[in-house]
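Q: Questions regarding the structure given below will be posed in turn.
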Amino acid sequence: PGGSIQSSFPVLSAGASSLPRDHELGAMFAGLGDALAKRKQYVDNAGSVTEAAGTGTGRAELSSAISSGGSKFVLLQGGLEKSPTGFTGLVNQGATCYLNSLIQSLFMVPEFRQALYAWEFNEADHGEEDRCLSRQLQRLFAQLQLSKRAAVTTGSLTKSFGWSGSEAFVQQDVQECMSVIFAHLEMQSLWDHIPQMHEGKSFDYLKCHKCGQSRGHPEKFRDLQLGVRGMTSLQQSFEAYTSGEEMEGVECPHCGTRETHTKGIAFRKLPEIMTLQLRRFDMNYETMQRVKVNDAVDIPAVIDMAPFISTDDGGEGEGAPAEGASGPQEYELISICMHIGSALSGHYFAYIKESGTGRWLNFNDANVTELEQSQLAGILSTLPPEEGGAGGSAGAAASDSGIGGAAAVAAAAAA
């Protein structure tokens, strides 16, 4: 690293050319091609019924077709044919828009997809195939790449989570969902990839104002949670995150006195793919209710993280030198997970930059559309207020706010 970094999900060195071809994926997943062909035939047969269902007729026929065919496809607002963008959407099982947004963001990172494809499933080591999260995510990625339909379902993946059905109707936090999935993947399959590409290092320190000595401990992180209340830009959020706070009456083991200390966090090494969680959800302690912070935050297309990397633990202490801190540390925005709604309910979707072409796409459950330049300009600058507020956030997971607030953002270091 040492070139540039992207907020959202990164576009790194491994390009699409290193990914398996369609026929190679067919060989990797025996029977997947036939299954997709049968699914296509089923959906084609139900096409006339779905058209009538929109006018209130044909619903019984469609329900019967779904029951007899065992298909998990549902009515797609965007139609049955694959999007002109060339990408496949994901069916919303009830309230799984947050999961769909995360899965599409991960799928669009060539390095992540390649690492997952390279892993080999072994029932003796990994248990039953339908209960193995890594295997089901691998198959889902192959479906997204091979399917000719508008959308495919995440049913097999959520089954590997241990879900029985009702969980699909409970909306979860996208950042927590990513943490849980990454923990499982690291244990099962991507034990090298996740630490190498998604993990950074920081130093949590206390610095004495009298003697200038610091103490603390190193930490590893895979996402950064940044405040947005009162902020106007992502840079401001990073400044607040790294500036530290003063604590009075702390005993210093170096000078033996109780003095004011600065408590802060210093970045040692940033990950290749940086995930940011903008803290859009907060607690109002007067009403004891969860609220959404709708302060508008500018999300830059490129951000230089060099000013936020410290060479020691806060100035003059015992900290180790920062790793790879020389020169620009630029990150390029590659995806934003957006949230519309309140702190209690809402809808997630994702804006993702395609590796190689640079075009931006809107992944909204089953619908995938291309973003116009005018739309993109409005997203990367301060997001316009919506009926309920506005705001945006960046990182592997961006933050959500107002009509177009980001819920999660990913950034990647450019080579």
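The values are calculated or read from the model by the stated rules, or taken from the named source; none is laboratory data. Just so we're clear, the structure is a prediction, and the values are computed from it rather than from any experiment. Positions of Cβ are generated from backbone atoms using ideal geometry, with glycine treated the same way; all protein chains shown enter the neighbour counts. Quick note on the areas: whole protein, heavy atoms, side chains included, nothing else; ligands and nucleic acids left out. Shrake-Rupley method; radii C 1.70, N 1.55, O 1.52, S 1.80 Å.
Q: Along the Cα→Cβ direction, 7 angstrom out, place labels at ASP125 and ASP204. What is the inter-label distance in nm?
A: 3.4
Q: Can you bin region 149-205 into rounded, prolate or oblate? Criterion: square roots of the alpha carbon gyration tensor eigenvalues sorted a ≥ b ≥ c, rounded for a/c under 1.5, prolate for a/b above b/c, oblate for the rest.
A: Verdict is prolate for region 149-205.
Q: Among the listed pairs LYS207/LYS269; LYS210/LYS263; LYS82/LYS353; LYS159/LYS220, which are separated by more than 22 Å between their Cα atoms?
A: LYS159/LYS220
Q: Sort 333-339, 250-256, 343-349, 234-240 by the packing proxy (mean of other Cβ within 10 Å over each peptide's residues), most packed first.
A: Result, highest mean first: 333-339, 234-240, 343-349, 250-256.
Q: Okay, next question. Please find the FRET efficiency linking VAL302 to VAL170, where r is the Cβ-Cβ separation and R0 is fixed at 30 Å, and quote it to the nearest 0.05.
A: 0.25
Q: Residue by residue through region 348-364, which ³J(HN,Hα) values in whole Hz follow from phi under the Karplus form 6.51 cos²θ - 1.76 cosθ + 1.60 (θ = phi - 60°), with glycine and proline marked x?
A: 9, 8, 9, 9, 10, 8, 6, 5, x, 8, x, 7, 9, 10, 9, 9, 10
Q: With θ set to phi - 60° and the Karplus curve 6.51 cos²θ - 1.76 cosθ + 1.60, what are the ³J(HN,Hα) couplings of region 108-113 in order, to the nearest whole Hz, using x for Gly and Pro?
A: Each residue's phi maps through the Karplus curve to give 7, 8, x, 5, 5, 5 Hz.
Q: Pull up all non-local amide H partners of GLN225: gap of 5 or more, or a different chain, and H-to-H distance under 5 Å with H placed in the peptide plane.
A: Distant-sequence amide H within range of GLN225: GLN277.
Q: If R0 is 30 Å, what FRET efficiency do you get for THR232 and THR287 from their C-beta distance, rounded to 0.05?
A: That pair, THR232 with THR287, gives E of 0.70.
Q: Can you run phi through the Karplus equation (6.51, -1.76, 1.60; θ = phi - 60°) for region 257-268 and list ³J(HN,Hα) in whole Hz, with x for Gly and Pro?
A: Listing the rounded values in order: 10, 9, 9, 5, 10, 9, 9, x, 10, 10, 6, 9 Hz.
Q: ASP204: accessible area at probe 1.4 Å, nearest 10 Å²?
A: Probe radius 1.4 Å; accessible area of ASP204 about 30 Å².
Q: Report the percentage of all Cα-Cα pairs in region 250-293 whose separation exceeds 12 Å, rounded to a whole percent.
A: 78
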